[in-house]
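The values are calculated or read from the model by the stated rules, or taken from the named source; none is laboratory data. Since we're looking at a predicted model, the values are computed, not measured. Note that each Cβ is placed from the backbone with ideal geometry, even for glycine, and that neighbours are counted across all protein chains shown.
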Amino acid sequence: MNVLAILIPVSVSLGILGLAAFVWTMRASQYDDPDGDRARILDERYDDDPAG
């Protein structure tokens, strides 16, 4: 039972740390890629006609 007194706060703090890292990446615009979207639209490798 004493182990739970250690494991619960450690797991909660790791969860908060992961959430804080995710929020930081969202605020830093890590997931925005407008140039990549523009290039993928014109790329012929990704068309609707499957190769075969």
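Laid out as a table, the results:
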| item | result |
| --- | --- |
| Matching residues in the stretch 23-38 - criterion: being hydrophobic (A, V, I, L, M, F, W, C) and surrounded by 10 or more Cβ atoms within 10 Å (Cβ to Cβ) | Val23, Trp24, Met26 |
| Residue list for the stretch 7-41, filter: modelled with pLDDT under 95 and among the hydrophobic types (A, V, I, L, M, F, W, C) | Met26, Ala28, Ala39, Ile41 |
| Boolean, Arg45 is surrounded by 10 or more Cβ atoms within 10 Å (Cβ to Cβ) and modelled with pLDDT under 85 | no |
